[in-house]
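To start, the structure itself, in structure tokens.
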Amino acid sequence: MRIPDAKVALSTASVYPESTATAFEIAARLGYDGVEVMVWTDPVSQDIEALRRLSDYHQIPILAVHAPCLLITQRVWSTDPWTKLQRAQAAAEKLGASTVVVHPPFRWQRQYARDFVTGMWRMANETDVRFAVENMYPWRYRDREMLAYAPDWDVTKDDYRHFTIDLSHTSTARSDALQMIDRMGDRLGHVHLADGNGSNKDEHLVPGRGTQPCAELLERLALSGFDGHVVIEVNTRRAMSSAEREADLAEALAYTRLHLASAVKVPRR
């Protein structure tokens, strides 16, 4: 067996509605290689020293920081989007994380969207931290479709140094995930692993419970020597108990490790 260098991390968003602190505890207990911190309304997720203490206490590294790009985090770490990214970069540098995950702007953030691609390159040139821009999806209601992100929800249409691919988002967009990673090529630096069934809603199912090519993507990463991080970012809000939530996260980790391991031929002597 050959195991790639990619580490498997748990997004702190995967334990919602439990806390950021709980995510560290679960990740350590289940044997994840690290965590990705989703910066959002939980005060601990915004506090670098609190995050450092959790990492030290549980002996689990912070591998990535997800900048506060969601609708519910519009006032987290300032209302200015560039300030948010600067603070995410500073947090990553102080916490030893290699990657900042960022969404493309909302279309109503007109100035931010206009300067986003050049701004991403400017920031990428100022740090060793990877700014990995994440694919999104069109918003749909019944038969109507709204393009909510700019320059585009399909980030491969623009020039970024690094990309994040999210398989729940490819499901919602009804796009081909394997073709997308082909377009990303060696600029694919980060993976959000989840599943989906093509619903209008961003489902974030446990890998293997939907129709996305999660196994095929992981096997491709293994064969290509992918050295970024694979982050489990799933929705466990419907779990009936903490034990059920933890079982889902254990299943997601086992699935990921299984498919990241690829058989290799050993030459005869």
Worksheet item: Which value, in Å² and to the nearest 10, is the accessible area of Trp121 when all protein chains are kept and the probe is 1.4 Å?
Response: 80
Response to the item:
Given backbone amide H placed at 1.01 Å from N, residues whose amide H is under 5 Å from that of Gly34, ignoring those fewer than 5 places away on the same chain, are Leu10
Discussion item. Roughly how far apart, in whole Å, are the Cα centres of the range 1-46 and the range 119-174?
Written reply: 22
Practice prompt. Tell me the Kirkwood hydrodynamic radius of the range 148-211 in angstroms, computed as one over the mean inverse distance between distinct C-alpha pairs.
Written response: 12.1
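Taking K and R as +1 and D and E as -1, what net charge do the other residues with C-beta under 12 Å from the C-beta of Val231 add up to?
Working: positive: Lys7; negative: Asp33, Glu36, Glu134, Asp166, Glu233.
Spelling it out: positives minus negatives among the neighbours equals -4.
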Worksheet entry | Amide H contacts under 5 Å for Lys7, placed H, 5+ residues apart | Val230
Item to complete: Round to the nearest 10 and report in Å² the accessible area of Ile72, as given by a 1.4 Å probe over the protein chains' heavy atoms.
Response: 110
Practice prompt. Can you sort His259, His169 by 1.4 Å-probe accessible area, starting with the largest?
Written response: His259, His169
Practice prompt. Just flag the trypsin sites (Lys or Arg not before Pro) in the range 132-217 sitting in loop per DSSP whose Cβ has no more than 16 other Cβ atoms within 10 Å.
Written response: Arg142, Arg161, Arg174, Lys201
Worksheet item: Hey, if we sort Thr156, Thr20, Thr79 by accessible area with the 1.4 Å probe, largest down, what's the order?
Response: Thr79, Thr156, Thr20
Discussion item. Explain nothing, just compute: Karplus ³J(HN,Hα) = 6.51 cos²θ - 1.76 cosθ + 1.60, θ = phi - 60°, for every residue of the range 30-46 in order, whole Hz, x for Gly and Pro.
Written reply: 7, x, 5, 7, x, 10, 10, 8, 7, 7, 8, 6, 5, x, 4, 5, 9
Fill in: Compactness of the range 67-182 - radius of gyration and Dmax, Cα, Å
14.2, 46
Fill in: Label-point separation in nm, Asp227 to Ile72, each point 7 Å along Cα→Cβ
3.7
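Counting other Cβ atoms within 10 Å, keep those with at most 13, restrict to DSSP loop, and tell me which chymotrypsin sites (Phe, Trp or Tyr not before Pro) in the range 80-113 are left.
Trp108
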Worksheet item: How large is ³J(HN,Hα) for each residue in the range 176-184, as worked out from phi by the Karplus curve 6.51 cos²θ - 1.76 cosθ + 1.60 (θ = phi - 60°), to whole Hz, x for Gly and Pro?
Response: 8, 5, 5, 5, 5, 5, 5, 5, 5
Worksheet item: What FRET efficiency would be calculated for the residue pair Tyr57, Asp128, taking the C-beta separation as r and a Förster radius of 25 Å, to the nearest 0.05?
Response: 0.40
Worksheet item: Under a no-solvent Debye model with one identical scatterer per Cα of the chain, what's log10 I(q)/I(0) at q = 0.10, 0.13, 0.15 Å⁻¹?
Response: -0.47, -0.82, -1.12
Response to the item:
Both in Å, the radius of gyration and Dmax of the C-alpha trace of the range 1-71 are 12.2, 43
Response to the item:
For the chain, percent of DSSP beta bridges that are antiparallel (nearest 5) comes out at 15
Worksheet entry | With DNA, RNA and ligands ignored, accessible area of Thr41 (1.4 Å probe; Å², nearest 10) | 80
Practice prompt. Kindly provide log₁₀ I(q)/I(0) values, in the same order as q = 0.27 Å⁻¹, from the Debye equation applied to equal alpha-carbon scatterers of the range 133-175.
Written response: -0.98
Item to complete: Compute the relative contact order of the range 53-98 as a whole-number percentage, counting only Cα pairs closer than 8 Å that sit 6 or more residues apart in sequence.
Response: 46
Discussion item. With 25 Å as the cut-off, how large is the P(r) tail for the range 145-269, expressed as percent of Cα-Cα pairs?
Written reply: 28
Discussion item. If a paramagnetic tag sat 7 Å from the Cα of Arg140 along the Cα-Cβ line, which residues of the range 202-240 would have the backbone N under 15 Å from that point?
Written reply: 202-204, 211-212
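The values are calculated or read from the model by the stated rules, or taken from the named source; none is laboratory data. Just so it is clear, the model here is predicted, and its values are computed rather than measured. All Cβ positions, glycine included, derive from the backbone under ideal geometry; neighbour counts span all protein chains shown. Just so you know, the surface numbers come from the protein's heavy atoms only, side chains and all, with ligands and any DNA or RNA stripped out. Shrake-Rupley method; radii C 1.70, N 1.55, O 1.52, S 1.80 Å.
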